[in-house]
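Enquirer: Okay, handing you the structure first.
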Amino acid sequence: MEQQILDKYIEAGKIAKEVVDRSKNLIKPDAKTLDIAEAIENMIKEKNAEIAFPVNISVNNIAAHSTPSWNDESVIGEGVVKIDLGTAVDGYIADTAYTIDLTGKYGKMLDANKAALENALKTLKAGVKISEIGKIVEKTIKSYGYKPIENLTGHQIDQYQLHAGLSIPNVDINSNQTLSEDMVIAIEPFVTDGAGSVIETNKYEIYSLIQIKPVRMAEERNLLKELEIRKGMPFAKRWFKAIPEIKLNLILQDMVNRNIIRRYGMFREKGNGMISQFEHTAIITKEGAIITTQ
Ligand code: CO
């Protein structure tokens, strides 16, 4: 990898880690979800990094694709809280997540999750099969008496591309795909005491650009201009609260129908089990990996 690009990935990772460390004390039962999301996104901006995707705040049986709506009044509550955040420097992304257990009852689940992530990170190296990573994650989680979420995966990362090509399984799958040198990947095991999979709900707060097409309304053109600057990195509906909500809903629906943008439905555990998540971003080398967010 070119040194300049490597430096940017490392800088993005360093910023992500700082934001993780600073954000942890915001996670309290009476804190408003929207306030936390905005505070975290402001921390990223203050560091002159790009927000690679809207901060995901997922509580209890919610796994991902969850970010507050613009008028969200909900508070965190005494739950198991996942914070998944992304930073980017010139589009070179760092993606990281952590869980805080405000109930005090899920320590073992979090231990299982951390161990699974650590074991996966230790195996990373050019030439390693992705099935091997899935196998290690699954084995570790099951040894604690829990299940991995089988239909959520880690993913390859590229410039401005949060999900680029390869998916990194959290269970043992039949695949001959391997990691190669300079590949950037996010490893993100999810642990549950539920069914072991997620279903997509019809709650949509996160979207991303697919392709630019001509649009009629001035608001649509302005929105597309903003999305063009983000070069395909996901965005939150609440970032466009200057547009009246009814109009914004119509615009987004129209753009989804016309394949201009895609939407991401919030994921819920199929058996309504509790879920935890930990994630780091890694650059694969011949000898191992550079963990940018650790
Ligand atoms: Co990720």
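The values are calculated or read from the model by the stated rules, or taken from the named source; none is laboratory data. Keep in mind it's a predicted model, so treat the numbers as computed, not measured. Every residue, glycine as well, gets a Cβ built from its backbone with ideal geometry; the counts of neighbours run over all protein chains shown. Note: accessible area is taken over every heavy atom of the protein model, side chains too, but ligands, DNA and RNA are not part of it. Shrake-Rupley method; radii C 1.70, N 1.55, O 1.52, S 1.80 Å.
Enquirer: Can you give me the number of residues within the stretch 209-236 that are touching a Gly at 6+ places or on another chain (Cβ under 8 Å) and either in contact (Cβ under 8 Å) with a residue 60 or more places away in the chain or more than 30 Å from residue 268 (Cβ to Cβ) (or both)?
Expert: 2
Enquirer: If you go through the stretch 208-226, how many residues are open to solvent by 20 Å² or more (accessible area, probe 1.4 Å) and within 30 Å of residue 153 (Cα to Cα)?
Expert: Result for the stretch 208-226: 5.
Enquirer: Condition check: in a helix (DSSP H, G or I) and surrounded by fewer than 19 Cβ atoms within 10 Å (Cβ to Cβ). Does residue 30 satisfy that?
Expert: Criteria not met by residue 30.
Enquirer: State all residues of the stretch 227-240 that are at negative phi and either surrounded by fewer than 15 Cβ atoms within 10 Å (Cβ to Cβ) or not basic (Lys, Arg) (or both); if no residue qualifies, say none.
Expert: 227, 228, 229, 233, 234, 235, 236, 239, 240 - these are the residues of the stretch 227-240 that are at negative phi and either surrounded by fewer than 15 Cβ atoms within 10 Å (Cβ to Cβ) or not basic (Lys, Arg) (or both).
Enquirer: So which residues in the stretch 127-145 are more than 18 Å from residue 283 (Cα to Cα) and among the charged types (D, E, K, R)?
Expert: Listed by number, the residues that qualify are 135, 138, 139, 142.
Enquirer: Continuing with this model, one more query. For the stretch 207-216, name all the residues that are under 15 Å from residue 253 (Cβ atoms) and either outside any loop (DSSP other than H, G, I, E, B) or assigned by TED's automatic domain parsing to the domain that holds residue 152 (or both).
Expert: Hit for the stretch 207-216 is 207, nothing else.
Enquirer: Could you give every pair whose Cβ atoms fall below 7 Å, whose first residue belongs to the stretch 77-89 and is at positive phi, and whose second residue is more than 16 Å from the ligand (Cβ to nearest atom) and outside any strand (DSSP E or B), counting only separations of at least 6 or pairs across chains?
Expert: Close Cβ pairs satisfying both conditions: 77/29.
Enquirer: For residue 206, indicate whether it is at pLDDT below 95 and closer than 22 Å to residue 52 by Cα.
Expert: no
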